[in-house]
1. Say whether the condition of being more than 27 Å from Phe163 (Cα to Cα), among the small types (Gly, Ala, Ser) and either touching a strand residue (DSSP E or B) at 6+ places or on another chain (Cβ under 7 Å) or surrounded by 20 or more Cβ atoms within 10 Å (Cβ to Cβ) (or both) is met by at least one residue in segment 227-241.
2. What are the pairs with Cβ atoms under 6 angstrom where one residue, in segment 113-131, is over 16 Å from Gly226 (Cα atoms) and the other, located anywhere, is among the hydroxyl-bearing types (Ser, Thr, Tyr) and not in a helix (DSSP H, G or I)? Sequence gap at least six, or different chains.
3. When only residues in segment 314-340 that are outside any helix (DSSP H, G or I) and open to solvent by less than 10 Å² (accessible area, probe 1.4 Å) count, which is farthest from Phe163 (Cα to Cα)?
4. Working carefully through the options Ala43, Ala25, find the one that is within 30 Å of Gly380 (Cα to Cα) and more than 21 Å from the chain's Cα centre (by Cα).
5. How do the helices (runs of 4 or more DSSP H) wholly within segment 50-131 filter down when requiring 1 or more residues that are open to solvent by 80 Å² or more (accessible area, probe 1.4 Å) and acidic (Asp, Glu): which remain?
6. Of all residues being hydroxyl-bearing (Ser, Thr, Tyr) and touching a strand residue (DSSP E or B) at 6+ places or on another chain (Cβ under 6 Å) in segment 265-309, which is nearest to Leu394 (Cα to Cα)? Just the residue, please.
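The values are calculated or read from the model by the stated rules, or taken from the named source; none is laboratory data. Small disclaimer: the values here were computed from a predicted structure and weren't measured. No Cβ is skipped: glycine too gets one built from the backbone with ideal geometry, and neighbour counts run over all protein chains shown. Side chains included, ligands, DNA and RNA excluded: accessible areas come from the protein's heavy atoms. Shrake-Rupley method; radii C 1.70, N 1.55, O 1.52, S 1.80 Å.
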Amino acid sequence: MPTEQSASPCMAATDLVYDLRLGSASSDAYYEEIARFSDTITAEIERQAGTVVDGYRNHILDFLREDERSRGEYALDLLMMGLALGRYLGAAEKTPKWVVGLARELFWLRRESAWSKPLADLGRAVLGRFFLAPQLTNTTTAAEFSLNRLPRLIDWLQATGEFEQEVRRLNNWRSFLGTLPEEAASRCMRISFEVFTWFEREAAITLEAYTRGVPGFLTTEYSRRGLREDQVFCGMRPAEYHLSMVAAEIMNRGLRRRFDQTTRKAVLVPGCMRGELAKTCRARVDGIDLTCTGCDTSCAVNRITEQMRNLGVEVYIVPKSTGFSRWIERWQGERNTGVVAVACLLNILPGGHEMRARCIPSQCVPLDYPGCEKHWRREGIPTGVNEDRLVKILTPPGN
């Protein structure tokens, strides 16, 4: 039976950074389109760079001893390296080394000490505003790629605090490329850049309608926000949203079989789905767990919790994306629990990689639109997700 969509409270909002509904009450059409587009992307990567993906995959399996992933996920790694080279290499090489070193120390400090987190974030905000984000206008070309430039890029990405999982994948590329002759390594880097350039162009044609709010956000709200520690994260361009869309589809495919084999399921929903109701939310607190008590029938989290209860699925509220890692530690290596994470598009790729790395059978569902005060709006709005999609993922095969 179709479920009520949570989109309706925000149908009047016209300044959404992205919107998977395209003005309708449902994002069903988006999921059909992204499935077709992902097929096109993986087929073209196979044509343009299949031999590079082969070499990388074999190195990952034989030398680095990672668990095997789907073919599409290795193709995603190629796209991710191409994006990093084209978007961030120039910035990495123009940023003073002392800034990168200090930013890395501050990011470490905020994670290791709760009392120093506000001060560390202030320092990161200053570095981001005046030293990191301004360098993003520096670009590079395929003719300039060489393996000895990759460490500087990796250090810069790590210093921002926004690319932990991407850095791990780039280190895998660095390991693989280091086994190749210098010219062959440079050629692989050029191929990844050229494939991503192709992807960026094709995605702009197919997916631009969903992210038409990004340029406006960058020139208005983002440009006026002053000192914020999320400068790099919120400054991402449409291509990075498009890559996250494709990543969600491809990673779900790669993890689906293992997810379906689990007997216990859990859903993580972001606290922003409550919107203003978060201020009066009576969620039950048990350690780091927040679970809905049904205090407001108009709340999307309440509605989803009721739907999932009928399927025998637990629902947990994650108030902040920074708490995601703490929430999923309990399921690390527990192969009989399947986890579905509902998240903002830009958190999909790193979240999926982290659950993969922790051997958690998982699926992800992007929010239909973002609306939290922390990142996207001066006044937050309750976010929404395609609830029919969520139910479909959690319905046992054959039912």
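1. Filtering segment 227-241 down to residues more than 27 Å from Phe163 (Cα to Cα) leaves none.
Scanning segment 227-241, I find no residue that is more than 27 Å from Phe163 (Cα to Cα), among the small types (Gly, Ala, Ser) and either touching a strand residue (DSSP E or B) at 6+ places or on another chain (Cβ under 7 Å) or surrounded by 20 or more Cβ atoms within 10 Å (Cβ to Cβ) (or both), so the answer is no.
2. none
3. Here is the first cut: in segment 314-340, the ones outside any helix (DSSP H, G or I) are 314-320, 332-340.
This time we only want the ones that are open to solvent by less than 10 Å² (accessible area, probe 1.4 Å), so: 317, 337-340.
Details: Ile317: 24, Thr337: 26, Gly338: 25, Val339: 22, Val340: 21 Å.
For segment 314-340, the residue satisfying everything is Thr337.
4. Numbers: Ala43 fails: within 30 Å of Gly380 (Cα to Cα).
Matching residue, one of Ala43, Ala25: Ala25.
5. Result: 97-112.
6. Start the filter on segment 265-309 by keeping residues that are hydroxyl-bearing (Ser, Thr, Tyr), which leaves 280, 291, 293, 297-298, 305.
Subset that is touching a strand residue (DSSP E or B) at 6+ places or on another chain (Cβ under 6 Å): 291, 293, 305.
On the way: Thr291: 18, Thr293: 21, Thr305: 13 Å.
Across segment 265-309, the extreme among qualifying residues is Thr305.
Conditions tested, residue by residue: (1) in a helix (DSSP H, G or I); (2) buried (at least 16 other Cβ atoms within 10 Å of the Cβ); (3) of a type in the set (S, T, N, Q).
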| site | (1), (2), (3) |
| --- | --- |
| Trp156 | yes, yes, no |
| Gln165 | yes, yes, yes |
| Phe176 | yes, yes, no |
| Ala184 | yes, no, no |
| Met189 | yes, yes, no |
| Ile205 | yes, no, no |
